[in-house]
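Remarks on the structure that follows.
The values are calculated or read from the model by the stated rules, or taken from the named source; none is laboratory data. Worth saying up front: this structure is predicted, and the values here are computed from it rather than measured. Note that we place each Cβ from the backbone using ideal geometry, even for glycine, and neighbour counts take in every protein chain shown.
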Amino acid sequence: MRKIAIPITRDNQIESHFGRSKFYEIYLFSSNNEILDIQLLETQHKRACKSDIFNELASKGVSCLLSENIGDKAYHKFNEAGIQVIRGCSGDSSDVILKYVENQISDRGSNCVKPHKSHSNHSCHN
């Protein structure tokens with residue numbers, strides 16, 4: 001079995017930048033890639049990247065995070081916690097998780113390169 005986490009907005013869209021994440025869906029999969037359970041984790045942190053969400057998700061058994069944009073520090077903190085990060089995911093979380101299970105999603109291979117207050121103030125390298 002494996003667990004995959006997705007940072008989401010209140011309307012189940014993947015959060016455009018990990019640092020703003022307050023909600024996470026955590027999917028539990030069987031060895032046959034069947035969804036066994038979905039949990040919603042709500043954090044009390046204003047900025048996910050400055051929280052201990054990395055270790056919190058690792059303690060829940062999460063092995064992979066599907067994210068749209070993520071900074072270098074957060075990316076490395078997830079790796080240190082033993083969680084693989086797949087970058088470049090966007091859209092409805094249920095659609096993305098199904099594409100991931102069908103091997104239709106791959107990591108875009110780059111992180112956001114500078115801190116920001118609004119994601120529209122810079123371009124993430126895709």
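Computed quantities for the displayed model
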| quantity | calculated |
| --- | --- |
| Members of region 2-32 found to be in contact (Cβ under 8 Å) with a residue 12 or more places away in the chain and loosely packed, with under 12 Cβ neighbours inside 10 Å, listed by number | Arg10, Ser30, Ser31 |
| Search result, residues across region 87-97 that are surrounded by fewer than 19 Cβ atoms within 10 Å (Cβ to Cβ) and not in a helix (DSSP H, G or I) | Gly88, Ser90, Gly91, Asp92 |
| Selection status of Gly91, touching a strand residue (DSSP E or B) at 6+ places or on another chain (Cβ under 8 Å), over 13 Å from Ile6 (Cβ atoms) and of a type in the set (Gly, Ala, Ser) | no |
| Residue selected from region 34-81 under the condition part of a strand (DSSP E or B), modelled with pLDDT of 95 or more and of a type outside the set (A, V, I, L, M), by the criterion surrounded by the most Cβ atoms within 10 Å (Cβ to Cβ) | Cys64 |
